[in-house]
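First the structure, in the form of structure tokens, and then the observations on it.
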Amino acid sequence: MDKKNTGAWTNQLGFVLAAAGSAVGVGNIWRFPYLVAKDGGGLFLLVYLVLVLTFGYALLVSDLALGRGTQSNSIRAYKKADKKWNFLGKVTCIVPALIMTYYAIIGGWILKYIVVYFTGNSTVASTDGYFTNFITSVYSPIIFALIFMCITAWVVYLGIDKGIEKVSKIVMPILLLMIIIIAVFALTLKHTDSNGTVRTGLQGFLIYITPNFEGLTLGKFLQIVLDAMSQLFFSLSVAMGIMITYGSYVPKDVNMNKSVQQIELFDTVVAFLAGMMIIPTVFAFSGTDGMSAGPGLVFISLPKIFNEMGSIGIFIGIIFFIMFAFAALTSCISVLETLVANVMEFFNLKRKNATLWLAVIYSIATVIVCLGYNVFYFELKLPNGSTAQLLDLMDYISNSFLMPLICMISCIFIGWVLKPDWIIKEMESSGDKMTRKGLYAVMIKYIAPFVMFVLFLQSAGIFNLIFK
Ligand code: PHE
């Protein structure tokens, strides 16, 4: 689409912060820490770091360069690059279309906790069953989700530079500052149990960063690699058209290579800091047992701990949930923006109309998915072994099933049809050198498609079928 209609980032900083805004989201704050706790602490960190610098790099470069090179959002980018691959653009759009049905709901949960902390009800939020009671109630989650949806839609409505970029430039530095404050605070914690055991945040930090090889088998190691891999591309917002769309708004004189490094760094640092705040805190108050709380860590364990901390806990709780809301907001914006850009192009609509239409449609979808916890409640056994309600089902189809599949096909397309040189040329079009060229080509041609295939087999439950 014509740049005049879509707009562009004003400069490199604006672009990097907006892309980092998309990348830093609930995945960093919520999922990363519990994966680290589950997958051997420092061992997971190491595997993750290696993957960020290799796969993450290759995938992020591919999406962004494809966007800037074709000057098109995801629905058209593949077609512009090669007519025969039009279908891939269309399939890619399904991922944000599904994610958008539930992302605002999670945003709404966060908003609810902000309100709870501000209104002095944090003690109530720390009681057993509070979170479950809240998300299974009929009205409250819908109201908060719709508020979150309105804020998201408002920013997208304002446009690229005046909306998304402006908000990211304010929110992202504050987010970073807030998470540093809480992470450092976590290290100073000291807690004495009722039986007299003293545990400190610093000890928890050591558990967090020390690789734990206990009981490690080849199978377990592979599981860690796959966990890190799926976390990685969810976290970098790749393989769903978002970074293609954001790439299409990048002015030609921006140094893409540096930008990619900065985005990767921002995303990884925030994930690391999230672990650095959550794991030592949970360890100090509940020991290693508390660390296995899984997805419940953020909405269930942390409010309990904040409550135990007394008045400082309310303060830390407020900072934490505001920071968390910022992370979710900028990600949700990127999902909606991608859909708006696609709809604008596909139906030839103006931004404002496209945003309004999508906001209405997704408000309805949000209500339906919210009701998945009560009116439309069901328990579905997924191929990967977990039990799902409506929200989990949307998450499963988009992230576990479609993303690895699309990523694999996209790597094959870029590696073998379009060829890595096309991407490298685009990366260097501003006159700056691309530093990891050789690595990029090997990754995108050989290693990434293979690993994506394995990841797909695993998430689709095909491994379970074969090895049962
Ligand atoms: N990257 C975001 C995160 O880490 C998640 C996200 C997924 C954002 C999909 C947009 C789309 O949470």
Open item on the list: To test your reading of the geometry: what angle, between 0 and 90 degrees and rounded to tens, separates the Cα axis of helix 42-51 from the longest principal axis of the chain?
Closed with: 10 degrees
Task: Where N is the number of residues in region 400-449, Cα Rg divided by 2.2 N^0.38 Å - done: 1.22
TODO: On a C-alpha basis, how far is the centre of region 68-84 from the centre of region 414-468 in Å? Whole number, if you could?
DONE: 18 Å
Task: Per-residue Cβ neighbour rank within 10 angstrom, fewest leading, S237, S386, S286, S398 - done: S386, S286, S398, S237
- [ ] List the pair-distance distribution P(r) of region 97-239, using every Cα-Cα distance, as the percent of pairs falling in each 5 Å bin from 0 up to the bin containing the longest distance, rounded to whole percents.
- [x] 2, 7, 8, 12, 16, 17, 16, 13, 7, 3, 1, 0
Open item on the list: So, R0 is 60 Å and r is the distance between the beta-carbons of V454 and S311; what FRET efficiency does that work out to, to 0.05?
Closed with: 0.75
- [ ] May I ask you to order 340-348, 219-227, 190-198 by the average number of other C-beta atoms within 10 Å around their residues, highest value first?
- [x] 340-348, 219-227, 190-198
- [ ] With viscosity set to 0.692 mPa s and temperature to 37 °C, compute the Stokes-Einstein D of region 1-158, Rh being the Kirkwood radius across alpha carbon pairs; µm²/s, no decimals.
- [x] 172 µm²/s
Open item on the list: If you scale each eigenvalue of the Cα gyration tensor by 5 and take the root, what three semi-axes come out for region 425-468, rounded to whole angstrom and sorted largest first?
Closed with: 36, 9, 6
- [ ] Counting only C-alpha contacts under 8 Å and six or more residues apart, can you give the relative contact order of region 308-461 as a whole percent?
- [x] 19 percent
Task: Cβ-based net charge around Y157, under 12 Å, with every Lys or Arg adding one and every Asp or Glu removing one - done: +3
Task: Ascending count of other beta-carbon atoms within 10 Å, so fewest first, for T54, T330, T101 - done: T54, T101, T330
Open item on the list: Once each part is reduced to its C-alpha centroid, what is the distance from region 302-364 to region 198-253 in angstrom?
Closed with: 21 Å
Open item on the list: Under a crude label model (7 Å from the Cα following the beta-carbon direction), how far is T188 from I368 in nanometres?
Closed with: 5.0 nm
- [ ] Rounded to the nearest 0.05, what FRET efficiency do W357 and I94 give with R0 = 25 Å and r taken as the Cβ-Cβ distance? Could you check?
- [x] 0.90
TODO: Can you find, among M394, G431, N384, the residue farthest towards the positive end of the dipole of region 367-435? Put +1 on the C-beta of Lys and Arg, -1 on that of Asp and Glu.
DONE: N384
TODO: Using just the alpha carbons, could you tell me how many Å³ per residue the convex hull of region 130-182 encloses?
DONE: 83 Å³
Open item on the list: Of I99, T70, Y57, which is farthest towards the positive pole of region 1-157's charge dipole, taken about the Cα centre with +1 and -1 on the beta-carbons of Lys, Arg and Asp, Glu respectively?
Closed with: T70
Open item on the list: Per 0.36 nm of contour for each residue apart, how much would the distance between V124 and V442 grow if the chain were fully extended, relative to their Cα-Cα spacing?
Closed with: 109.1 nm
Task: Charge sum, other residues only, whose C-beta stays under 13 Å from M443's C-beta, Lys/Arg counted +1 and Asp/Glu -1 - done: +3
Open item on the list: Quick check of the Kirkwood formula: for region 53-106, what is the inverse mean of 1/r over all pairs of different Cα atoms, in Å?
Closed with: 12.2 Å
Task: Debye intensity ratio in log₁₀ form over the Cα atoms of the chain, taken at each q of 0.05 Å⁻¹ - done: -0.17
- [ ] Rounded to the nearest 10 degrees, what's the angle between the helix 403-412 long axis and the longest principal axis of the chain, both from Cα atoms, 0 to 90?
- [x] 30 degrees
- [ ] Could I have the simple spin-label model distance between F221 and K80, label points 7 Å from Cα toward Cβ, reported in nm to one decimal?
- [x] 4.4 nm
TODO: Can you give me the three principal axis dimensions of region 241-316 from its C-alpha atoms, in Å, biggest first?
DONE: 52, 26, 19
- [ ] Calculate for the chain the 222 nm mean residue ellipticity that helices alone would give, adding -39,500 (n - 2.57) per DSSP H run of length 4 or more and normalising by residue count, nearest 500 deg cm²/dmol.
- [x] -22000 deg cm²/dmol
Open item on the list: Quick check: the angle from helix 12-23's long axis to the longest principal axis of the chain, C-alpha only, nearest 10 degrees?
Closed with: 60 degrees
Task: Kirkwood hydrodynamic radius of region 161-200, from inverse mean 1/r over distinct Cα pairs, in Å - done: 12.7 Å
Task: Unsatisfied cross-links (Cα-Cα over 18 Å) in the set K258/K437; K258/K425; K162/K258; K80/K258; K84/K419; K90/K350 - done: K162/K258; K80/K258; K90/K350
Open item on the list: Looking at region 270-417, I'd like the Rg to Rh ratio, where Rg is from alpha-carbon atoms and Rh is Kirkwood's inverse mean 1/r.
Closed with: 1.05
- [ ] Fewest Cβ neighbours within 10 Å first, please rank E264, E379 accordingly.
- [x] E379, E264
Open item on the list: Given axes a ≥ b ≥ c from the Cα gyration tensor, I'd like to know whether region 374-468 is rounded (a/c under 1.5), prolate (a/b larger than b/c) or oblate.
Closed with: prolate
TODO: Using θ = phi - 60° and the Karplus relation 6.51 cos²θ - 1.76 cosθ + 1.60, list the HN-Hα couplings for region 77-94 in order, rounded to whole Hz, with x at every Gly or Pro.
DONE: 4, 5, 5, 5, 6, 7, 3, 5, 9, 3, 4, 5, x, 5, 5, 4, 4, 5
Open item on the list: Please compute the Kirkwood hydrodynamic radius over region 164-269, one decimal place, Å, based on all pairs of different Cα atoms.
Closed with: 17.9 Å
Task: Distance cut-off 12 Å, percentage of C-alpha pairs in region 324-368 lying past it - done: 62 percent
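Every read-out reported here was derived from the displayed coordinates using simple, explicitly stated rules and does not represent laboratory data. This one's a predicted model, so the numbers in the text were calculated from it and none came from an experiment. In this analysis, Cβ positions are derived from the backbone assuming ideal geometry, glycine residues included, and neighbour counts consider all displayed protein chains.
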